1. Have a look at Ile176, Ile61, Ile215 and tell me which one the Gaussian network model of the chain (Cα, springs below 10 Å) gives the largest fluctuation.
2. Picking from Val58, Val192, Val100, which is most flexible by a Gaussian network model of the chain using Cα springs under 10 Å?
3. To the nearest 10 degrees, how steeply does helix 2-12 sit against the main Cα axis of the chain, on a 0 to 90 scale?
4. Taking only the alpha carbons of the range 73-129, what extent do you get along each of the three principal axes, in Å, biggest first?
5. Just the number please: accessible area per residue for the chain, 1.4 Å probe, all protein chains included, in Å².
6. Kirkwood Rh, Cα Rg: Rg to Rh for the range 142-240?
7. Amide H neighbours of Asp62 under 5 Å, counting only residues 5+ apart in sequence or on other chains, H built in-plane at 1.01 Å?
8. Whole angstrom only: what separates the Cα centroid of the range 30-94 from the Cα centroid of the range 181-218?
Amino acid sequence: VGGSVLAADLVMSGQTLHAYHMAGGLHHAFPDHGSGFCVYNDASIAIAHIRKQYGVRVLYIDTDVHHGDGVQWTFYNESEVCTYSIHETGKFLFPGTGFVHERGAEHGYGANFNVPVDPYTEDDSWLESFTASIRKVAAAFKPDIIVSQHGCDAHAFDPLSHTHCSMRIYQEMPAIIHALAHQYAEGRWVAVGGGGYDIWRVVPRAWALVWLEMINHPISAALAEKHSDVPLPASWLNRYFKESP
């Protein structure tokens with residue numbers, strides 16, 4: 001939680017435009033109880049801190065395969081926090097929420113968006129749904145800062161979900177969020193981690209892609225141009241090949 005709050009302060013104080021806290025993203029916990037592997041909800045606490053200390057409008061973008069329920073319900077009645085979640089439908093996956101009719105309540109009505117996708121959804125459908133909807137949400141809400149959660153469990157290799165996406169969505173989604181931050185929020189962007197349970201083939205690659213995009217690393221440009229032959233460092237391969245499948 002402290003890491004996500006620190007990331008928020010670094011960005012809001014102007015010390016950096018972007019900050020990334022991979023250990024965060026525990027989006028299922030509620031104010032009064034833990035849930036779904038999450039004891040505390042660092043994203044909600046960081047957003048509440050931003051609201052209290054800086055009074056700005058926050059757009060929360062959740063790309064985890066599980067609905068970001070804890071963050072949604074924490075800010076469900078608030079108009080200055082817009083929550084967006086794209087996830088496998090709650091008809092088939094924990095936590096069983098995140099339907100399109102969940103739009104917010106009271107002052108927060110219309111500031112809560114859910115994009116549930118069906119099991120076995122693949123890259124093209126996922127990216128079309130995400131791109132079309134998040135651009136409209138950002139344009140309508142006009143945030144002062146974006147907080148994004150980067151669970152990487154919509155990948156086909158993940159053992160806990162049923163969607164069939166590839167690493168492609170984890171390359172393209174951070175790039176879209178990055179562009180929206182500069183278009184609407186003067187570049188202010190806090191990213192946190194999240195779920196992901198194929199710990200060798202998916203998680204390190206997906207989270208590295210967020211960081212590479214965030215710092216405009218040359219590898220990001222190479223991957224965007226479909227140059228997929230960028231080698232991993234030999235020292236990394238030597239360190240982990242006995243453990244990794």
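1. It is Ile215.
2. Per the Cα network of the chain with a 10 Å cutoff, Val100 tops the list.
3. 80
4. The Cα atoms of the range 73-129 stretch 36, 22, 15 Å along the principal axes, largest first.
5. Here the per-residue accessible area is 47 Å².
6. We get a ratio of 0.99 for the range 142-240.
7. Those lying under 5 Å, H to H, from Asp62 are Tyr84, Ser85, Ile86, Gln149.
8. The range 30-94 and the range 181-218 have Cα centres spaced 18 Å from each other.
The values are calculated or read from the model by the stated rules, or taken from the named source; none is laboratory data. This one's a predicted model, so the numbers in the text were calculated from it and none came from an experiment. Cβ: placed from backbone, ideal geometry, glycine included. Neighbour counts: every protein chain shown. What goes into the accessible areas is simple: the full protein's heavy atoms, side chains included, and nothing from ligands, DNA or RNA. Shrake-Rupley method; radii C 1.70, N 1.55, O 1.52, S 1.80 Å.
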